[in-house]
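K.L.:
What follows is a structure written as structure tokens; I'll ask about it next.
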Amino acid sequence: MNNSGTLEDADDVFQDAVVALFHYVQTGKYKEEYDLDAFLFRVAKHSWIDLVRKKKKIIKDELIGYDIPDEKDQLDDIIKEEQLNAFQSLFNSLEDNCKKILSFVLFEKKSMKEIADLMGMKDEKVAKNQHYRCKKYFSKLVSENQEALDILRN
């Protein structure tokens, strides 16, 4: 309630987080090694941010003709753009094979079976192994680049 919301909003966000957890468990995406509290907190945090943004948009739409720039939103946009540029720079330094695999997983939400089929791999075990190696290598690239790490952590 201290962050531009009501008790009803908090209940809705918590319910969204529990539904997301249920969906992850049901689809097999939730891993036992995940910290349950951290998972729920992260989902709730993102739901809350979305909710606040929607409320701001509604309020701005109601104030047609009163276009007042929000400096915090502008700063957030600049930070997000810097983070995206840092991510893209590191991502583009990957080999094409790794770029494809990680893109399929991160952006297109493809299964390992689908990735194996799309990339002409023997089976999903090979795709899983390649994904693990690419993810590990990308993680290493990020951790070795202090400037990118600083930008991505903001």
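The values are calculated or read from the model by the stated rules, or taken from the named source; none is laboratory data. Given the structure is predicted, the values throughout are model-derived calculations rather than measurements. Ideal geometry is used to build each Cβ from the backbone, glycine not excepted, and the neighbour counts take in all protein chains shown.
K.L.:
Can you find a residue in segment 61-75 that is modelled with pLDDT under 55, surrounded by 11 or more Cβ atoms within 10 Å (Cβ to Cβ) and farther than 18 Å from Asp9 by Cβ?
P.N.:
Within segment 61-75 (the criterion being modelled with pLDDT under 55, surrounded by 11 or more Cβ atoms within 10 Å (Cβ to Cβ) and farther than 18 Å from Asp9 by Cβ), the answer is no, since none of the residues qualifies.
K.L.:
From Glu144, Glu81, Glu95, which residue is out of contact with any Lys or Arg (no Cβ under 6 Å at 6 or more places or on another chain), modelled with pLDDT of 90 or more and over 27 Å from Gly28 (Cβ atoms)?
P.N.:
Numbers: Glu144 fails: modelled with pLDDT of 90 or more; Glu81 fails: modelled with pLDDT of 90 or more.
After ruling out the rest, the residue left standing is Glu95.
K.L.:
Look through Ala44, Ala17, Ala38 and report the one residue that is farther than 22 Å from Lys110 by Cβ, surrounded by fewer than 11 Cβ atoms within 10 Å (Cβ to Cβ) and within 17 Å of the chain's Cα centre (by Cα).
P.N.:
Values: Ala44 fails: surrounded by fewer than 11 Cβ atoms within 10 Å (Cβ to Cβ); Ala17 fails: surrounded by fewer than 11 Cβ atoms within 10 Å (Cβ to Cβ).
Just one listed residue meets the conditions, Ala38.
K.L.:
Only residues in segment 95-117 that are outside the structural domain of Leu141 (by TED's automatic domain parsing) count as the first member; pair them with residues that are assigned to a helix (DSSP H, G or I), Cβ under 8 angstrom, at least 6 apart or cross-chain, and list the lot.
P.N.:
Within 8 Å, no pair qualifies.
K.L.:
While we're on this one: Can Asn97 be described as of a type outside the set (Val, Ile, Thr) and touching a helix residue (DSSP H, G or I) at 6+ places or on another chain (Cβ under 8 Å)?
P.N.:
Taking the combined requirement at face value, the residue satisfies it.
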